[in-house]
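First the structure, in the form of structure tokens, and then the observations on it.
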Amino acid sequence: MTNGTPFETVTLTTLYRDRYLFQELLDEAKNIALKANEGKTVIYTSWGSEWRPFGLPRKKRLIESVILDEGIKSKIIVDVQDFLRSGNWYFKRGIPYRRGYLLYGPPGSGKTSFIQSLAGYLDYNICILNLSENNLTDDRLNHLMNNIPERSLLLLEDIDAAFNKRSQTSEKGFSSGVTFSGLLNALDGVASAEECITFMTTNHPEKLDPALLRPGRVDFKVLIDNASPYQIQQMFLKFYENETEKCELFLKRIQELNITKISTAQLQGLFVYNKRDPANAIKMVATLKHSL
Ligand SMILES: Nc1ncnc2c1ncn2[C@@H]1O[C@H](COP(=O)(O)OP(=O)(O)OP(=O)(O)O)[C@@H](O)[C@H]1O
Ligand SMILES: [Mg+2]
């Protein structure tokens, strides 16, 4: 087993003429297992060189609940769905059937949330790998990346951090054994017949080595930025349904105070604080300026 789930062996016997019972039994067991995870996303993390489910499957995050700037979500969804339909196209041309996405931008802009909701939308699970983790070696990384559970997105978070940290602390010793070339090789090696979708996130795209960004490793780069006026409006209306007039006031106030860099996470914080009080959220706009 590649995902490390404990397993038991049970031997069943029956008369030859009743052997159809096994098929029925297996079908039923499979359906029960699938039902248990219906509407859920399984998060896998690495455990040595294996993938293991991390906690219980989580309720899917609705894709509508993540608010990105106009058109960005559909651009990514269309691209992923097109990729998922193109297995034969890749196969015929001898191209590894993989696609890499890089979501970059400031903290709290919804990168991780979007990837989680996308997994739910596609009915996929997620394998999260932290490259700066202790004990990870090039070999293990390679093994993990070539044994991703079926129907899973691979998520490499904060892709810049692993290698920056290494150069800064190399004298004191860096606990992760993954090298940059090890990562490139592992990415290139994911060339099995199975499809592989990799998402990487970073707050610092400028720190990334261009070798990582070349097509075949990263095929699709998207900036997920601080909230645009469109997103501010959508976020406001998500929390305060039908309050279009107050929404206008809120936007106006933001403009007056010349607040340009505000993350969707900050907006969420303000709206959660004022759960049932949009008027007070408007009064508190100035506090956003101080929390920058
Ligand atoms: N665009 C968004 N739409 C809806 N909720 C958002 C959005 N951006 C952030 N949030 C909320 O803010 C919190 C943090 O978001 P998330 O972890 O997705 O940000 P991130 O871009 O991955 O940040 P980091 O770069 O620090 O990892 C979450 O609770 C999420 O629900
Ligand atoms: Mg994140």
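The values are calculated or read from the model by the stated rules, or taken from the named source; none is laboratory data. Keep in mind the model is a prediction, meaning the values are calculated, not measured. Methodologically, a virtual Cβ is constructed for each residue, glycine included, from the backbone with ideal geometry; neighbour enumeration extends over all protein chains shown. Just the protein is used for accessible areas: all its heavy atoms, side chains included, with ligands, DNA and RNA removed. Shrake-Rupley method; radii C 1.70, N 1.55, O 1.52, S 1.80 Å.
Relative contact order of the chain, please, whole-number percent, based on alpha carbon pairs below 8 angstrom and at least 6 residues apart. Spell out each step's value before the answer.
Numbers: 411 pairs, mean separation 62.8, N = 292.
Relative contact order for the chain comes out at 21 percent.
For the chain, modelled as a Gaussian network with Cα springs under 10 Å, which listed residue fluctuates most, Leu118, Leu154, Leu12?
Answer for the Gaussian network model of the chain: Leu12.
What Kirkwood radius, in Å to one decimal, follows from the Cα pairs of the chain? Intermediate results must be reported in sequence, preceding the final value.
On the way: mean 1/r = 0.0459 Å⁻¹.
By the Kirkwood definition, the hydrodynamic radius is 21.8 Å.
Report relative contact order for the range 58-223 in percent, whole number only (criteria: Cα-Cα under 8 Å, sequence separation at least 6). Numbers along the way, then the final one.
Details: 236 pairs, mean separation 59.1, N = 166.
Relative contact order comes out at 36 percent.
Rolling a 1.4 angstrom probe over the protein heavy atoms, how many square angstrom per residue are accessible across the range 229-290? Present the calculation step by step, with values, prior to reporting the outcome.
Working: 3830 Å² over 62 residues.
That works out to 62 Å² for each residue.
Rounded to the nearest 5, what % of the DSSP beta bridges within the chain are antiparallel ones?
Beta bridges within the chain, antiparallel portion: roughly 20 percent.
Please list, or write none, the aspartates and glutamates whose alpha carbon is within less than 17 Å of the alpha carbon of Lys75, excluding same-chain residues fewer than 8 places away.
Glu64, Asp219, Asp225
On a 31 Å Cα-Cα criterion, which of the cross-link pairs Lys221/Lys246; Lys59/Lys238; Lys40/Lys92; Lys73/Lys252 come out too long? Present the calculation step by step, with values, prior to reporting the outcome.
Values: Lys221/Lys246 35 Å; Lys59/Lys238 20 Å; Lys40/Lys92 34 Å; Lys73/Lys252 26 Å.
Going by Cα-Cα distance, Lys221/Lys246; Lys40/Lys92 fall outside the 31 Å limit.
Determine the principal axes of the Cα atoms in the range 187-292, then give the extent along each, sorted from largest to smallest and rounded to whole angstroms.
55, 28, 20
For the range 1-117, what is the accessible area per residue in Å², given a 1.4 Å probe and the full set of protein chains?
Numbers: 8000 Å² over 117 residues.
On a per-residue basis, 68 Å².
Accessible area of the chain with a 1.4 Å probe: how many percent of it is carbon plus sulfur? If you can, show how the numbers build up before the last one.
Working: 8840 of 17070 Å².
It is 52 percent, rounded to a whole number.
Ranked by accessible surface with a 1.4 Å probe, highest first, in what order do Asp158, Asp139 come?
On the way: Asp158 75, Asp139 125 Å².
The residues order as Asp139, Asp158, largest area first.
Just the ratio, please: alpha-carbon radius of gyration of the range 58-223 over 2.2 N^0.38 Å, N its number of residues.
Values: Rg = 15.9 Å, N = 166, 2.2 N^0.38 = 15.3 Å.
Ratio of Cα Rg to 2.2 N^0.38 Å: 1.03.
Dipole magnitude of the range 229-290 about its Cα centre, charges +1 at Lys/Arg Cβ and -1 at Asp/Glu Cβ only, in debye to the nearest 20?
Details: 9 positive and 6 negative charges, 44 e Å.
It comes to approximately 220 debye.
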